[in-house]
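Novice: My questions will all concern the structure given below.
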Amino acid sequence: IGLSLHHFPIGAKLDLMRQVGRIVGPRGLFLIYENTSPAGEDREGWLQRWDEQEPLWTAYTPGEWDAMRTHVHAADFPETTTRWHELGHAAGFREVRELFVAPTDLFRMYAFRA
């Protein structure tokens, strides 16, 4: 899944990941692409970096950017890379691998192996 889990509080993220673990079974794989902060960055730091990318989104009108920014500030709750690893293990996945870091370092892709 992509760009979905970051809308949930941490407990709901963990619950959903546990459910996915049960669904994929003992040989399963769960992939996510999600908002992620580097270790030590808080939500406010991530949001500031998000706002700084506005000049790169040239296809958006100012109104469209403002609508997206409003959504991100209200509903996006990134986890640090460390926290995604902790969530994966707490959900019962034996292996957590970071597969990709977006050039902006705002998003990362993880593989959780049962």
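Every number here is computed from the coordinates shown, using simple stated rules; none is lab data. Just so it is clear, the model here is predicted, and its values are computed rather than measured. All Cβ positions, even for glycine, are placed from backbone atoms using ideal geometry, and neighbour counts span all protein chains on display.
Novice: Expressed as a whole number of Å, what is the distance separating the alpha-carbon centroids of the range 99-114 and the range 17-53?
Specialist: One Cα centre to the other: 8 Å.
Novice: Just want the answer: with Cβ charges of +1 for Lys and Arg and -1 for Asp and Glu, which residue in ALA90, VAL101, TYR33 is farthest toward the dipole's positive end in the range 10-114?
Specialist: Going by the charge dipole, the pick is ALA90.
Novice: Would you grab the residues whose amide H sits under 5 Å from the one on SER37? Only those 5+ places off in sequence or on another chain, please, with H modelled 1.01 Å from N.
Specialist: Hits under the 5 Å cutoff: GLU79, THR80, THR81.
Novice: Mind listing the phi-derived Karplus ³J(HN,Hα) values for the range 27-39, rounded to whole Hz, using 6.51, -1.76 and 1.60 with θ = phi - 60°, and x for any glycine or proline?
Specialist: Rounded to whole hertz, the list is 10, x, 9, 10, 10, 9, 10, 9, 4, 8, 9, x, 3.
Novice: Let me know the Kirkwood hydrodynamic radius for the range 35-78, please, with Cα pairs as the basis and the value in Å to one decimal.
Specialist: Hydrodynamic radius (Kirkwood, Cα only) of the range 35-78 equals 11.1 Å.
Novice: Please give the peptides 48-61, 28-41 ranked by average Cβ packing (other Cβ atoms within 10 Å per residue), highest first, as a rough proxy for protection.
Specialist: Sorting 48-61, 28-41 by mean packing, highest first, produces 28-41, 48-61.
Novice: Hey, any idea what the orientation-averaged projected area of the convex hull of the range 13-59's Cα atoms comes to, in nm²?
Specialist: Result: 5.4 nm².
Novice: Also, quick follow-up: Could you pull out every whole DSSP H run in the chain that spans at least 15 Å of Cα extent along its own axis and averages -0.5 or higher on the Kyte-Doolittle scale?
Specialist: 10-24
Novice: Using square roots of five times the C-alpha gyration tensor eigenvalues, list the equivalent-ellipsoid semi-axes of the chain in whole Å, biggest first.
Specialist: 28, 13, 13
Novice: Counting alpha carbon pairs within less than 8 Å and at least 6 residues apart, what relative contact order, in whole percent, applies to the chain?
Specialist: Taking the mean separation of contacting Cα pairs over the length of the chain, I get 39 percent.
Novice: Okay, next question. Could you give the Stokes-Einstein D for the range 57-114 in µm² per second, using the C-alpha Kirkwood radius, 20 °C, 1.002 mPa s?
Specialist: Reported coefficient: 159 µm²/s.
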